[in-house]
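One structure is given here, and the rest of the page talks about it.
Read-outs throughout are calculated quantities, based only on the coordinates presented, and are distinct from any laboratory measurement. These numbers were taken from a predicted model, which means no experiment stands behind them. Counting neighbours? That spans all protein chains shown, and the Cβs are built from the backbone with ideal geometry, glycine included.
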2 protein chains.
Amino acid sequence: MSSKSPMSKSPMPTSPTSKSSASKSPVSQSDPLREQIIAQFDGMSAQLQQAARYVLEHPEEVALVSMRELARLAAVQPATMTRLAKMLGFQGYNEIRAHYAETVRQRNDGFAAKVRQRDGQAASAPGSDIAHHMLHGLSAQIAALCEPEPLQRLTAMASKLAAAKKIYVLGLRSSHVVAWHFHYVMSLLGERSVHLDGPAGTGGDALIRAKPDEVLLVISINPYARDTLTLAQLAKDKGLAVLSITDSEVSPLVSISEHTVYCATESYSFFHTLAPALAVSEVLCTLLAERDRPATLAALQDADDHLAHLNTYSNALPRRE
Amino acid sequence: MSSKSPMSKSPMPTSPTSKSSASKSPVSQSDPLREQIIAQFDGMSAQLQQAARYVLEHPEEVALVSMRELARLAAVQPATMTRLAKMLGFQGYNEIRAHYAETVRQRNDGFAAKVRQRDGQAASAPGSDIAHHMLHGLSAQIAALCEPEPLQRLTAMASKLAAAKKIYVLGLRSSHVVAWHFHYVMSLLGERSVHLDGPAGTGGDALIRAKPDEVLLVISINPYARDTLTLAQLAKDKGLAVLSITDSEVSPLVSISEHTVYCATESYSFFHTLAPALAVSEVLCTLLAERDRPATLAALQDADDHLAHLNTYSNALPRRE
DNA sequence: AAAATAATGATCCAATTGTTTTAATTTTTC
DNA sequence: GAAAAATTAAAACAATTGGATCATTATTTT
């Protein structure tokens, strides 16, 4: 076939500009579109095959460059790419690109695929897939904390917390969840923790007598509550070490913090997620508790006894009268 | 900063249109451009910071979508992206995209190699392995919720919650974290949620006028707080449907619950973990919000306006006087 | 061989892109 | 408080995009 015409382009797929990757199957295991292209390959004309071959061998490029650029790289007319799309049953070339873009996204983090649609679209009926995507993403985000750097940050912060005379805990609005949890657990372990929270804006009052050998653990994610920032700044001015759990290297907390732990907050939903931040809090509590197992066990025993006396817990429903 | 404009974003980090990636460090360890953005971040104006923040947190999107699309996602003007490029010393925005496209290419190249290089690295700080184990376990537990049965339970519960006239939320002690979170988010969405929590044991009082077309969402894990069980029983006696998030098929809540979602609480530590339970709460909130996207967006917009008037949030440290 | 059909290339178009310019607004300074 | 400076939003721009059309070339069929 081919290469009869005097003006014919090089028959083998050409890469005019020197491009990098070429590996045979950079696209992961199961890619239905890839399979489809292979299946239909034999039925394609020469030009279509050349275009298809390039797409198969450079899937990332499809996501990264324009159609015309891709056509140039594949040494094919732009229209051929459009025709390829139609032959594959798509409405237009953009659907091909959308597919490979999604592949790249899924590759870069384990985050779920998404339904790219205008907001007019009816909400997905079952919602089961939404839940699935969210949970999968959360799982991946927490798994990301297992990397060396986050781990090192966690342990460093735990050390500083362990050395502190007292720990003030600050987290407002959504971050309240994390602050409260940390304080609750720490209060079971001893009495070094003070929760900066209270009605009518009195939350920060406990800082009045704060001393430099104490620390402030502050949790805040975007959008950052103004009061949180103000109190953190105040604490730093008083000489306290500020330790923060936040969501970004460019969080306003970073510049005043001695230690910072970063946690993801993005989620496939309207809201930011706090599950990773809560996981961070749980890890910190555990690391602190592990520092002195006997003391921890004793403290927990005391708490148990106390709560048992108060008849706080039960394993069965109360008898109805 | 923003949020004065008519198009201001919601207070709870909102993602009106589909979301994608998230994890904290999807981009490989050393990225000079990323470092540069972080370095120059403090010197940027509010809008530039907003754009830069999005770029930092969604590096793949930069490579995958057009500038205008990216601007839309970051909720800034297109021109801001151009300005960001200039501020970073580039001639135009395309140089930024080229950089991130190259990152994606290299990532796909060295994909196999990276997988090889798994953990097993020399032990680092003390407790680092504990943290690693914990986080790994948490990640797996949340991933387990992606199974069909938990998903089905979640969606069923969401349906029941969506149909309820009012939702009472009950969670004491450690479960307070989850209850508070659920109520906080729901309160941003509307006014159907009532948190059964109050000083001096008054928490349950709100149930006094509870009616049968309302529901009680109760969260409790082992050990089960006696007050929680009592109130849940009371609610059921009053004809309310009881929906519970708990940790076991033999939890005392099961027998009085119309719907139950189970979440793991075991962890490599002294304490039970609440991260999976919080994840469940987040999923429920999202499913409820998705039921009526327009209403949700409107409610979040209202909340945004309200909080903006109160000057609740800030992106920078307050100026010291 | 010519006619019919398929494939390809070239040209044109509306829509969208990245960018610049201008106007409005906010913030700062005095 | 007014003036000045900086920041931001809005509008306008040329260039490029993906797609459609039509002419040309190859291929098949007769």
FRET E, pair A:D292, B:K160, Förster distance 60 Å, beta-carbon r, rounded to 0.05: 0.85
Electrostatic dipole magnitude of the range B:32-116 [Cβ: Lys, Arg +1; Asp, Glu -1; Cα centre; debye, to 20]: 80 debye
Rounded to the nearest 0.05, what FRET efficiency do B:A79 and B:V250 give with R0 = 60 Å and r taken as the Cβ-Cβ distance? Could you check? 0.50
Net dipole in debye of the range A:147-309 [+1 Lys, Arg Cβ; -1 Asp, Glu Cβ; about Cα centre; nearest 20]: 420 debye
Inter-copy label distances at A:A39, 7 Å along the Cα→beta-carbon direction, one decimal in nm, shortest first? 5.2
Average beta carbon contacts from partner chains per residue of A:151-158, 10 Å cutoff: 5
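Quick one: which of B:154-161, A:54-61 comes out on top by average Cβ neighbours within 10 Å, and what's the full order, highest first? All intermediate terms of the calculation are to be shown ahead of the outcome.
Numbers: B:154-161: 20.8, A:54-61: 22.2.
Per-residue mean Cβ counts within 10 Å order the peptides as A:54-61, B:154-161.
Would you mind counting up the charge near B:F90? Only other residues with Cβ under 12 Å from its Cβ, with Lys and Arg at +1 and Asp and Glu at -1. Numbers along the way, then the final one.
Numbers: positive: B:R83, B:K86, B:R97; negative: B:E95.
Here the charged neighbours net out to +2.
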Starting from the 7 Å offset along Cα-to-Cβ, what nm value, one decimal, do you get for the label separation of B:A140 and A:E258? 3.6 nm
Between the label point of A:L297 and that of the same position in each other copy, find the distances and list them shortest first in nm, with every label point placed 7 Å from Cα along the Cα-to-C-beta direction. 5.8
What is the mean projected area of the alpha carbon convex hull for the range B:145-309, to one decimal in square nanometres? 10.5 nm²
How many nanometers, to one decimal and shortest first, lie between the label point of A:G190 and those of its other copies, if labels sit 7 Å from Cα toward Cβ? 4.8
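Take the Cβ-Cβ distance between A:D205 and B:N222 as r, set R0 to 30 Å, and report the resulting FRET efficiency rounded to the nearest 0.05.
On the way: r = 36 Å, r/R0 = 1.20.
Step by step, r from the Cβ atoms, then E = 0.25.
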Please compute the net charge surrounding B:L161, taking Lys and Arg as +1 and Asp and Glu as -1 over other residues with Cβ under 10 Å from its Cβ. +3
